[in-house]
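Here's the structure, in structure tokens; my notes come after.
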There are 4 protein chains.
Amino acid sequence: MRHDATPAQVADIVQQIEQHGMKSHLSSGEERTVIGVIGTNPFQLKDLFVEAPGVAEVIPITKPYKLSNREFRPHDTHIRVGGVDVGSNQVWVVAGPCSIENAEMFLESARGVKAAGGHALRGGAFKPRTSPYSFQGLRHDGLSILKAVRAETGLPIVSEVLSEADLDAVADVADVIQIGARNMQNFSLLSEVGQLRRPVLLKRGMSSTIEEWLLSAEYILSQGNYDVILCERGIRTFEPYTRNTLDLNAVPLIRELSHLPVIVDPSHGTGRRSLVIAMALAAVASGAHGVIVEVHPHPEAALSDGAQSLTLDGFRTLMQQLRPVAEAVGRTLA
Amino acid sequence: MRHDATPAQVADIVQQIEQHGMKSHLSSGEERTVIGVIGTNPFQLKDLFVEAPGVAEVIPITKPYKLSNREFRPHDTHIRVGGVDVGSNQVWVVAGPCSIENAEMFLESARGVKAAGGHALRGGAFKPRTSPYSFQGLRHDGLSILKAVRAETGLPIVSEVLSEADLDAVADVADVIQIGARNMQNFSLLSEVGQLRRPVLLKRGMSSTIEEWLLSAEYILSQGNYDVILCERGIRTFEPYTRNTLDLNAVPLIRELSHLPVIVDPSHGTGRRSLVIAMALAAVASGAHGVIVEVHPHPEAALSDGAQSLTLDGFRTLMQQLRPVAEAVGRTLA
Amino acid sequence: MRHDATPAQVADIVQQIEQHGMKSHLSSGEERTVIGVIGTNPFQLKDLFVEAPGVAEVIPITKPYKLSNREFRPHDTHIRVGGVDVGSNQVWVVAGPCSIENAEMFLESARGVKAAGGHALRGGAFKPRTSPYSFQGLRHDGLSILKAVRAETGLPIVSEVLSEADLDAVADVADVIQIGARNMQNFSLLSEVGQLRRPVLLKRGMSSTIEEWLLSAEYILSQGNYDVILCERGIRTFEPYTRNTLDLNAVPLIRELSHLPVIVDPSHGTGRRSLVIAMALAAVASGAHGVIVEVHPHPEAALSDGAQSLTLDGFRTLMQQLRPVAEAVGRTLA
Amino acid sequence: MRHDATPAQVADIVQQIEQHGMKSHLSSGEERTVIGVIGTNPFQLKDLFVEAPGVAEVIPITKPYKLSNREFRPHDTHIRVGGVDVGSNQVWVVAGPCSIENAEMFLESARGVKAAGGHALRGGAFKPRTSPYSFQGLRHDGLSILKAVRAETGLPIVSEVLSEADLDAVADVADVIQIGARNMQNFSLLSEVGQLRRPVLLKRGMSSTIEEWLLSAEYILSQGNYDVILCERGIRTFEPYTRNTLDLNAVPLIRELSHLPVIVDPSHGTGRRSLVIAMALAAVASGAHGVIVEVHPHPEAALSDGAQSLTLDGFRTLMQQLRPVAEAVGRTLA
């Protein structure tokens, strides 16, 4: 729409779009309002609207991802989580144990994360495990612990959902709902979280292309939930030394193609504690909007992912080293 | 158990296992009965049962997949679908269009498949599409068409389920429930189909290792549904000429490691019609228990996967060429 | 050229091509002669020759591989090695140990291969080893053994060259010169073997695309050596159970894109003896012109690749099982 | 050896090693001298030397790479190139065009690189091209240009060698000899450069594991040339948006496993100009000892790799942004 388009003009265009059986998505920026239209032939759209009052331009988006495309929304999307605008020049740091093992350990982790300056707490109540015989998480008991620790520390919670059946329960305690790598193309679950109005952390599938990842985000956005944070967590390659190969190319590439925030998980991305800090620094230097790391007070006794978890001391070191790197690339770490 | 173990002795051992809080899985073969025990320390188990009446041996299975392991069940599992014992020396051929587009096309496909000697019909009512803007299948209308065509032709149906919410509806019409590659690690859906007593076709994830695939099967088996057919459908590599890289190594490897039947999908595995027949022949020569191929009466007009679908003529050619190859490796094609 | 083009017309066109500073490659088939032209703008070529006497058509080849392209030469290339036309409907079987360890073992292997019906003998004198501290082959002593065993058994020899410096020595004893996977893009070595008039077995690089592989063949062809046999030997993927992932898709794909013969190495392709026979059968069913397998009289004592070598008994079994599969796909195994 | 071991004691041990038919490699650090021994059973070695005069400890190295192993040499190796100690806390920046196209362009590039603060000049006279029909470099004429520009600007030269036959000519002008990704396992060429006493830049093969890469370095080191600089340049994955996937995990991993310097090539590693600066910053943040980037005065007219080359302006921006990141991780950029 034109800079001077009136709300009535915007509403009128939206109404006409719906009358033609198409779907509209409104993006109101500071400078102008953009109306995304899905479900039509771009030439037909041009004919209909190019002369309509208030319309500045009709631009077809040729890439298959539309709403997540930077052409649709030129400015970075900011998503408020606790005190941080994720997607802005503030670096967002999420930390915590892989899974919630018991209330004491989780509270100890949370206090350590908070004391060191972490902004949000990660912790899984429902765990996607390769084997049915591995620890599957405390499930609903884990959610209760999350709720209590959130109340106690004030830290926002990032937690994973595995099943549509558990979605309401997870959404009840999590500030950010995580979709894990194995469910990146569980389209049915994506559509369900698209119905919510709660930020979603969408991890990249372990052999997903960038375009597939953006199209999975599109499943959520197209349902009206625009608050998607992308998370690079390593891809699968032939290298046996590391659990995965953290793909930092994805960071500047996503920032070029999309307006959505992108953060990095160097813990899963490498699978080795000794590499986590170096790769977290590299992630921020490459332009990531944040990092999410596994921290455990006693990694050697962890029920899952001990080998890749930082100790609380290690996390403090990370925070200290992260600040100058953030500042060196024009970012801040509050 | 010993060859001469009595049913009462078997029942007694099972009862003791349950009393110790472990889970038992019974496999009664022609020669002997095996009791799989999950959830214990193998040394403890040896102490408890090695001297018990009727027990022949206590063998720990060291691989993480237990029930799908050939050590647990030395003979090939046979799964009856229509007139074919899948997993036996009969080659099982499943064919049909990628998605059900309308009743006429689907019935035409079904008749062509049946006339050429296909044993079962594939067809998706719910389609997992990379983009939310692509055709998602006829959904419940598609299931009605499946039901009618099954009644009309007598062909058993293989159809995919994407969501726990649709499971009952799919199970109502499908003789074999398909879990697609993108949901291979949707553990919540795997557990649900494990509750059914209906054969499951479990496709390999696109960058899944063999062990992860068997562990996904284990999610189903450990819930008591032992009728899992594995399906190799191509892995993701760096090659741009083909959609995927069909990994036939997986066939003899699965047959070495597991007792479960394994079939091959050369349509998704290559993504090019011109390669499908050659790779189907190779699949059977490598030891596959069957093939599943996409067939469309008019591939050029298909709503999905047209480039990799055989015509009905092409399918007849495949059937003709498959028989001598099957016989050359000691198999039959009814 | 036209069917009735005279030798003088052909010679005249070739001369004109050279005068314009381009390079010509002559392919005289039964039905017609084709002149490949490298190094020009296709439109200029059309202007020059479309009306010239004897010329039937001027066809630009848009793919970057020109001389290996089936568009340049529609019929399969046959390459005579010993008594077999490699590339014809005869299945070519090459077998032998990974490396020549001593004269006795190599002679024992050769006799076993010959007795079981193998057509040619493989054996490395120069071995490309990942570590400088591993056995590097008997080198020139190995070549002497090769020469003696060739004389004794009459079997043609396939042997690898690692360095331009050794090329003459290897060419002195080998009927077919092998370029290994690690040297597939050693362009300097490729150009050198292109100068020879001796068949070359060009293994696929371990993460080479099909197009890169054909372009490496093109390095040899463009120097005037047209006798290149391609060999698929497994690509590198994420799977830890197998050493490589044998990519049989490559077989029908190469046969579609190129006229060059393509054979398969299931020994390196899988790295596990128990998978070799199944994958050799699959290779022939997929359309391969032959197989090359590692055979060792005492694999458990082999200095290299013991785990993937067939015993002599195993090789006899392979030959017995290969014949019916070859016949099932319209091929012969002499 | 002990801290107080005398030169005579060291010489005596070396002599004994040689007498036993083993090979010795001397590493004289500030604190102590280490004698690397190759080619023996570690237990035998212990028996021979553990009590010998001047010997402090006999430590077996279990990893297959011995001389490149940090266990052999605990301190980082520094390699002097021009005014920079590569491997120290100075960040080394190498820049220049992919190939030398003509004297003017190359001199313009060199002056731009020098003016912006680059430390060394890259430029290929011999180019490894996938197709035989692509520009192969100016070859010996290119070397003459390199020599002249080196004299004119004083910048050290990094240039690739493709063939043993050209090695002397390249070594005559290059301060650092580059082995490209395609030749990483050209063991014959590696052994030859191992004979020189000139630093070698060893690029990682495009699907090489970390261990294979270190073993290729070992081929050079074991010939007595200890000055090897490793260069990560992207691995091959399934992602089509980028030419390669730059694997920065390799940087902290190499620094953990080896004492050799490791630098990063974000130009080949991404293949897209718009990603080069972000990934160069990330490389230094991850701990890389330097970067090597493609710079071209007129990338749109480049004969090779134009899409991934920075302009001279872009290179100046990189240098400006690199300094604060280097300082943020405790490094310097002179």
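The values are calculated or read from the model by the stated rules, or taken from the named source; none is laboratory data. Because the structure is predicted, anything quoted here is derived from the model rather than measured. Reconstructed Cβ throughout: ideal geometry from the backbone, glycine too, with neighbour counts over all protein chains shown. Ligands, DNA and RNA are stripped out before the accessible areas are found, and what is left, the full protein with its side chains, is counted by its heavy atoms. Shrake-Rupley method; radii C 1.70, N 1.55, O 1.52, S 1.80 Å.
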Segments classed as helices (runs of 4 or more DSSP H), wholly inside the range D:84-189, with at least 1 members that are more than 21 Å from the chain's Cα centre (by Cα), within 28 Å of D:P324 (Cα to Cα) and in the same structural domain as D:L201 (by TED's automatic domain parsing): D:103-116, D:140-153
Unique match (being within 30 Å of B:V264 (Cα to Cα) and modelled with pLDDT of 90 or more) among B:V94, B:V14, B:V34: B:V94
Matching residues, the range C:190-210, being in a helix (DSSP H, G or I) and either open to solvent by less than 20 Å² (accessible area, probe 1.4 Å) or among the charged types (D, E, K, R) (or both): C:L190, C:E192, C:V193, C:G194, C:I210
So A:S208, is it farther than 29 Å from D:N244 by Cβ, small (G, A, S) and within 10 Å of another protein chain (Cβ to nearest Cβ): no
Single residue of C:I263, C:I277, C:I235 found to be under 15 Å from the mean Cα position of the chain (by Cα) and either under 28 Å from C:T332 (Cβ atoms) or in the same structural domain as C:R197 (by TED's automatic domain parsing) (or both): C:I263
Positions within the range B:15-29 being without any contact (Cβ under 8 Å) to a residue 24 or more places away in the chain and farther than 15 Å from B:E51 by Cα, in sequence order: B:Q15, B:E18, B:Q19, B:G21, B:M22, B:S24, B:L26, B:S28
Considering residues of the range C:53-71 that are touching a residue at least 40 places away in the same chain (Cβ under 8 Å) and within 24 Å of C:P7 (Cβ to Cβ) only, the residue nearest to the other protein chains (Cβ to nearest Cβ): C:K66
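Yes/no per residue for (1) crowded, with 20+ Cβ neighbours inside 10 Å; (2) touching a residue at least 40 places away in the same chain (Cβ under 8 Å); (3) of a type in the set (G, A, S):
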site: C:R73; (1), (2), (3): no, yes, no
site: C:H78; (1), (2), (3): no, yes, no
site: C:D85; (1), (2), (3): no, no, no
site: C:N89; (1), (2), (3): no, yes, no
site: C:G117; (1), (2), (3): no, yes, yes
site: C:A125; (1), (2), (3): yes, yes, yes
site: C:G137; (1), (2), (3): yes, no, yes
site: C:S144; (1), (2), (3): no, no, yes
site: C:V158; (1), (2), (3): yes, yes, no
Index of the failed condition, B:Y241 passing every other in (1) under 13 Å from the mean Cα position of the chain (by Cα); (2) within 25 Å of C:G205 (Cα to Cα): (1)
Residue within the range B:21-33 that is of a type in the set (S, T, N, Q), touching a strand residue (DSSP E or B) at 6+ places or on another chain (Cβ under 9 Å), crowded, with 18+ Cβ neighbours inside 10 Å and in a loop (DSSP other than H, G, I, E, B) present: no
Residue check, B:G314 part of a loop (DSSP other than H, G, I, E, B) and either surrounded by fewer than 24 Cβ atoms within 10 Å (Cβ to Cβ) or in contact (Cβ under 8 Å) with a residue 40 or more places away in the chain (or both): no
Of all residues in the range C:290-301 being more than 21 Å from C:A181 (Cα to Cα) and in contact (Cβ under 8 Å) with a residue 60 or more places away in the chain, the one that is surrounded by the most Cβ atoms within 10 Å (Cβ to Cβ): C:H296
